[in-house]
Amino acid sequence: MTATSVTASRSGARIERLPLARFTTLGVGGEAEVWFVGNHEQLAEALEQPYRVLGGGSNLVVADEGVPERVIRLTGPLAEADLTPDPELSDAETVVTGWVGGGVPLPGLIRKLQKLGLSNLEGTVGIPAQVGGAVWMNAGTRYGEMFGGLHTLEIVTPGGTRQVTPDELDWGYRRSGLSRGHVVSRVRLKLRRSDPEEVRARMDFADQARKGQPKMKTPGCAFKNPGGVSAGRLIDEAGLKGTRIGGALIAPEHGNFIVNLGGASSRDVHALLDLIRERVGVPLELEYELWPEQG
Ligand code: FAD
Ligand code: EPU
């Protein structure tokens with residue numbers, strides 16, 4: 001297949017060989033066969049061969065060589081949100097929504113919820129993820145996380161589709177408890193009725209914490225905070241802010257962000273991650289996901 005060829009799968013998924021750099025916020029990554037799947041039948045077919053799921057690409061460092069597996073991108077109805085309150089599960093205080101596709105961009109969803117006066121997820125403001133990726137990581141800030149607003153998750157694997165509730169999963173800080181290969185196809189949200197202006201005020205407050213974050217191409221924080229200590233602070237104290245390797249830079253604004261100055265390669269980013277691990281005296285767990293995984 002050439003770089004420009006587009007084909008359709010048996011069930012009608014669009015398949016295109018594309019550079020993944022285009023889909024990542026770091027802007028790095030070679031080619032893969034991207035499957036644009038818009039319904040459960042197409043998703044089931046895509047899972048017949050080795051695959052990876054791509055969300056907003058906002059936590060990924062993809063190799064310059066790309067990846068050999070199919071890369072699944074949720075589109076169509078799997079990227080739409082039905083925020084209508086379920087009359088049987090909602091009451092004067094709580095709203096349980098209809099299905100929200102795993103491919104729905106989180107920032108737009110957060111804005112809609114604010115306008116509707118629906119609270120619980122506004123603390124995730126500024127996270128450039130898709131719903132499925134944000135659930136996978138339990139993305140959040142100290143003002144709220146994805147699992148604070150979930151009622152049901154629909155999970156698809158090669159073995160079939162099932163629904164789970166958050167209390168069935170071992171979720172925690174930047175962790176959903178889902179196994180690799182479990183696709184979050186849709187979720188239903190559990191929200192608290194509030195006043196739109198109050199939700200906006202909490203959103204604005206949470207957004208203030210981002211003022212010191214860099215505005216360049218980046219996958220966000222490289223490492224999880226060990227024991228609640230800011231990894232950024234540790235990297236800063238190790239004197240590493242502003243260190244550059246090739247086209248990648250440890251952001252001068254915040255030590256835990258690696259940014260692409262333009263033309264960065266995955267090797268440049270890996271070299272910076274190795275340098276940080278070597279220089280910071282505390283073991284650090286990677287938050288970025290490396291495609292393919294290392295070691
Ligand atoms: P991707 O990066 O596309 O993928 C990440 C992982 O999720 C992969 O393993 C992928 O397979 C999996 N995945 C994606 N979609 C699905 C799906 N539908 N089903 C199952 N698995 C899936 N994170 C925070 O937690 N808090 C922050 O404050 C924060 N701030 C950020 C700020 C910036 C500027 C940036 C660039 C990133 C930030 N991040 C933050 C990191 C990132 O947004 C989160 O890790 C987010 O959860 C990644 O979601 P994604 O949809 O982009 O997933
Ligand atoms: N600090 C430094 N130097 C730095 C960076 C931070 O001294 O280079 C200090 C700050 O001055 C502050 C403290 O460390 O006193 C905490 O910093 P910050 O408020 O930036 O929070 P953080 O713990 O570094 C976490 C999340 C971010 C999230 C922010 C805001 C992790 C790994 N990071 O950063 O999440 O946006 O809080 O809530 O949990 C992400 O996960 O990708 C991410 C961006």
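Taken together, the values in this text are just the output of simple stated rules run on the coordinates, not laboratory data. Here the structure is a predicted model, which means the values were calculated and not measured. Here the Cβ is made from the backbone with ideal geometry for all residues, glycine too, and neighbour counts use every protein chain on show.
How long are the semi-axes of the equivalent ellipsoid of the range 185-244, defined as square roots of 5 times the Cα gyration tensor eigenvalues? Whole Å, largest first. Show your work: numbers first, answer last.
Working: eigenvalues 197, 49, 34 Å².
They are 31, 16, 13 Å, listed from largest to smallest.
Calculated translational diffusion coefficient of the chain (10 °C, 1.306 mPa s; Stokes-Einstein with Kirkwood radius over alpha-carbon pairs) equals 80 µm²/s.
Please compute the alpha carbon radius of gyration of the range 146-281, then divide it by the globular-protein estimate 2.2 N^0.38 Å. Two decimals is fine. Kindly include the intermediate steps, with their values, before the conclusion.
On the way: Rg = 18.8 Å, N = 136, 2.2 N^0.38 = 14.2 Å.
Normalised Cα radius of gyration, the range 146-281: 1.32.
Each residue of the range 38-51 is assigned a 3J(HN,Hα), and the resulting list reads x, 7, 5, 5, 5, 5, 4, 5, 4, 7, 6, 10, x, 8 Hz, derived from the Karplus form 6.51 cos²θ - 1.76 cosθ + 1.60 (θ = phi - 60°), x at Gly and Pro. Counting neighbouring Cβ atoms within 10 Å and putting the fewest first, the residues T75, T84, T218, T161 line up as T84, T161, T75, T218. Evaluated with a Cβ-only charge set (Lys, Arg +1; Asp, Glu -1), the chain carries a dipole of roughly 620 debye about its Cα centre, given to the nearest 20. Using a simple spin-label model with pseudo-atoms 7 Å out from Cα toward Cβ, K211 and V229 lie 2.7 nm apart. Each label was represented as a point 7 Å from its Cα along the Cα-to-Cβ direction; for L89 and V164 these points are 1.6 nm apart.
Both numbers refer to the Cα atoms of the range 98-164; Rg and Dmax are 12.1, 39 Å.
Share of pairwise Cα-Cα distances greater than 16 Å in the range 81-208 is 59 percent (whole percent).
Quick one: compute the contact order of the chain, relative version, from alpha carbon pairs under 8 angstrom and 6+ residues apart, as a percent. Contact order relative to length: 17 percent.
Specify the longest stretch of the chain that does not include any exposed loop site, a site being one of the GluC sites (Glu not before Pro) with a non-H, G, I, E, B DSSP assignment and at most 13 other Cβ atoms within 10 Å. List each step's numbers first, then the result.
Numbers: sites that count: E48, E65, E88, E93, E285, E293.
Between the exposed loop sites, the longest stretch runs 94-284.
Out of every Cα pair in the range 226-291, what percent are spaced more than 20 Å from each other? Pairs farther apart than 20 Å: 19 percent.
So which trypsin sites (Lys or Arg not before Pro) in the range 5-102 end up in coil per DSSP with only 16 or fewer other C-beta atoms within 10 Å? Present the calculation step by step, with values, prior to reporting the outcome.
Details: sites: R10, R14, R17, R22, R52, R70, R73; in loops: R10.
For trypsin sites (Lys or Arg not before Pro) across the range 5-102 that sit outside H, G, I, E and B with at most 16 neighbouring Cβ atoms in 10 Å, the list reads R10.
Pairs exceeding a 31 Å alpha-carbon distance, out of K112/K241; K112/K215; K112/K211: K112/K241.
Phi angles of the range 255-263 translate, via the Karplus equation with coefficients 6.51, -1.76, 1.60 and θ = phi - 60°, into HN-Hα couplings of x, 8, 10, 9, 10, 9, 6, x, x Hz per residue; Gly and Pro are given as x. In the chain, a dipole from Cβ-located charges (positive for Lys and Arg, negative for Asp and Glu) runs towards its positive end, and of A92, L150, G76 it is G76 whose Cα lies farthest in that direction. Near R186, the amide H atoms lying under 5 Å from its own belong to G102, E154; only residues 5 or more places off or on other chains count, and H is placed 1.01 Å from N.
If the viscosity is 1.002 mPa s and the temperature 20 °C, what translational diffusion coefficient in µm²/s does Stokes-Einstein give for the range 22-156 when Rh comes from Kirkwood over Cα pairs? Using the Kirkwood radius from Cα pairs, D works out to 135 µm²/s. Converting phi to 3J(HN,Hα) with the Karplus coefficients 6.51, -1.76 and 1.60 and the offset θ = phi - 60°, the range 155-168 yields 10, 10, 9, x, x, x, 10, 8, 10, 10, 10, x, 6, 8 Hz in sequence order, with x at every glycine or proline. Taking only the C-alpha atoms of the range 6-77, the Rg (one decimal) and the largest Cα-Cα distance, Dmax (whole number), read 11.6, 33 Å.
Per DSSP H run of at least 4 residues, take -39500 (n - 2.57); add these up for the chain, divide by its residues and hand me the 222 nm value, nearest 500 deg cm²/dmol.
Taking each H run of at least 4 residues, the total per residue is -5500 deg cm²/dmol.
Qualifying trypsin sites (Lys or Arg not before Pro) in the range 88-175, where qualification requires a DSSP coil assignment and no more than 15 other C-beta atoms within 10 Å, comprise R142.
Please figure out what share of the DSSP beta bridges in the chain is antiparallel and state it in percent, rounded to the nearest 5.
Values: 41 of 53 bridges.
Of the beta bridges lying entirely in the chain, close to 75 percent run antiparallel.
Could you tell me which of I245, P283, V229 has its Cα farthest along the dipole of the range 226-291 towards the positive end, charges placed at Cβ (Lys, Arg +1; Asp, Glu -1), taken about the Cα centre? Selected residue: I245. For A81, nonlocal amide neighbours, meaning residues 5 or more places apart or on other chains whose placed amide H falls under 5 Å from its own, are G101.
Put simply, the amide H of I72, placed in the peptide plane, has neighbours under 5 Å in W35, R52, V53, L54, leaving out anything fewer than 5 places away on its chain. Our summary gives the range 6-77 a relative contact order of 35 percent, counting only alpha carbon pairs under 8 angstrom and 6 or more residues apart.
Of interest is the spacing of the C-alpha centroids, which for the range 155-223 and the range 82-117 amounts to 14 Å.
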